[in-house]
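Heads up: the structure comes next, in structure tokens.
The values are calculated or read from the model by the stated rules, or taken from the named source; none is laboratory data. Computed from a predicted structure; not experimentally measured. Here Cβ is always computed from backbone atoms with ideal geometry, including for glycine, and neighbour counts include all displayed protein chains. Ligands, DNA and RNA are stripped out before the accessible areas are found, and what is left, the full protein with its side chains, is counted by its heavy atoms. Shrake-Rupley method; radii C 1.70, N 1.55, O 1.52, S 1.80 Å.
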Amino acid sequence: MKFAVQINEGPYTHQASDSAYNFIVAALEKGHEIIRVFFYHDGVNNATRFTTPPQDDRNIVTRWSELAEKHNLDMVVCVAAAQRRGIADEGEAKRNGLDADNIAPGFRISGLGQLVEAGIQSDRVVVFGD
Amino acid sequence: MAMLHIVNKSAFGNATLNSCIKTATQGSSILLIEDAVYAAMGNTSMADIVKEAMNKASISVLGPDLAARGMDQSKVIEGISVIGYDGFVDIVAETDNVQSWL
Amino acid sequence: MPIEVNGKTLETDEEGYLADLNDWEPAVAEVMAKLEDCELTDEHWEIINYLREYYEEYQIAPAVRVLTKAVGKKMGKDKGNSKYLYGLFPYGPGKQACKYAGLPKPTGCV
Amino acid sequence: MSEPWEDEEEGAIKKFMFINRKAPYGTIYALESLEVVLISAAFDQDVSLVFSDDGVFQLKKDQDPESIGMKNFSRTYRALEGYDVEKLYVDKESMEERGLTEDDLLVDVEMLSKEELGNLMNEQDVVLSF
């Protein structure tokens, strides 16, 4: 079955990102397809590679990047939500005159249409948030 | 099969589970995850409401979230199924659609 | 890059949008248009004014197709199509006309 | 701006429901939910909006957030009609609990009982909650 997942909260403050991660790992193990993971609201903060948690804690951002690489996941960060919260890739940094970009590997910034499209193309959308 | 309702908020201090129970139709499923798992325990003030809800909806609770919070699986209300993430995936696939009560 | 409007220097961003939307006055649109080799006619102003009214009323810039539909309804069928709007604003009514009208820069949210 | 999906061939229309259960201003969810709804309008799907629990406060008339330095996005709900988003449902019980009547709302809505809402949710293909 084709799943899409929406994540509405950032890492560490709320369990949403962890729950979504565990759900996706379980779904992939069962042979389901994850057609897109869409990060919205504070969920865009899952995409900053500047995250440096204590060494004895899970690195949520790196964990997403690694999962994306292993399973070729399409991880999309909403551009409007990202602009509000200071998440930028190279193109966004240039477009908005920022002196750096901070997006982690495996994530891409795109529009909200990607969420609606994921809803159209998948069999189920599961939302994790607060 | 009707739909799956996912609730993630503690029922003590937040009315989400109550709203969900009132809205869920006959034959639907309710899954308790994250802070909502406490409501699955047999000895709380929510227990009667949850038991009542089981007349129309099948209720499950996410075991890993219970364990994380030190809740004893053997004290979960009888009839609520304790499932893992694989079971979570299965219910999502088996029900017609899914809604998270954020 | 700052622009000179009626003797005042106004800040704009990389793509020429006003840094402070409160700086907008009709002369701003004229200056911006000139910078892009566009001469503003009454037809341009009809759209610019409509965009400002729409924004004032609803607090958003309309999507292109919503704009097209509304323009057709208000100004006649011959103007209510994207060909007409792109004819006036070749860089796209969403981008170019909103910039001249002093509306917020679109997020690129497609 | 061109809208790339307009060229795509027409697929089946899905029923999308957006559920709003949070009050405005205290958190950003209401505003960012509305942004998704506006984008979804471009995909020609069957869109409905539900306001229940504290979400009913999103539609309260006379919002004036200027004094807290925020934008009055409540006016944008009145633009929805122009976007052909016309199915707005409100949970009757939530309204009553909060002392609101239809006259307090800034747009036309259909009031539904919890049971009717539950049935409507069952009919959806994609339910996104914010």
- Filter segment B:78-93 down to the residues that are within 10 Å of chain A (Cβ to nearest Cβ) and exposed (fewer than 15 other Cβ atoms within 10 Å of the Cβ), then identify the one that is nearest to the chain's Cα centre (by Cα). B:Gly84
- Query: Among (1) assigned to a helix (DSSP H, G or I); (2) open to solvent by less than 70 Å² (accessible area, probe 1.4 Å); (3) over 14 Å from C:Pro104 (Cβ atoms), where does C:Glu53 come up short?
  - Reply: (2)
- Task: From the list C:Gly80, C:Gly87, pick out the single residue that is open to solvent by 20 Å² or more (accessible area, probe 1.4 Å) and in contact with a Ser or Thr (Cβ under 8 Å, 6 or more places away or on another chain).
- Result: C:Gly80
- Counting just the residues of segment A:11-33 that are surrounded by 24 or more Cβ atoms within 10 Å (Cβ to Cβ) and within 14 Å of the chain's Cα centre (by Cα), which one comes out farthest from D:Glu32 (Cα to Cα)? A:Ile24
- Task: Tell me, please, whether a residue that is within 14 Å of chain A (Cβ to nearest Cβ) and either within 22 Å of A:Arg124 (Cβ to Cβ) or touching an Asp or Glu at 6+ places or on another chain (Cβ under 9 Å) (or both) can be found in segment B:40-56.
- Result: no
- Message: Can you tell me how many residues within segment D:36-73 are exposed (fewer than 13 other Cβ atoms within 10 Å of the Cβ), in contact (Cβ under 8 Å) with a residue 40 or more places away in the chain and assigned to a helix (DSSP H, G or I)?
- Response: 1
- Task: Go through segment C:14-29 and give me each residue that's open to solvent by 30 Å² or more (accessible area, probe 1.4 Å), in contact (Cβ under 8 Å) with a residue 24 or more places away in the chain and either touching a helix residue (DSSP H, G or I) at 6+ places or on another chain (Cβ under 9 Å) or among the hydrophobic types (A, V, I, L, M, F, W, C) (or both).
- Result: C:Glu15, C:Leu21, C:Trp24
- Going through segment D:1-35 one residue at a time, which ones are open to solvent by 20 Å² or more (accessible area, probe 1.4 Å), modelled with pLDDT of 95 or more and of a type in the set (A, V, I, L, M, F, W, C)? D:Ala23, D:Ile28, D:Leu31
- Task: Filter segment C:1-39 for residues that are touching a Cys at 6+ places or on another chain (Cβ under 9 Å) and over 19 Å from C:Glu56 (Cα atoms) and give the result.
- Result: C:Met32
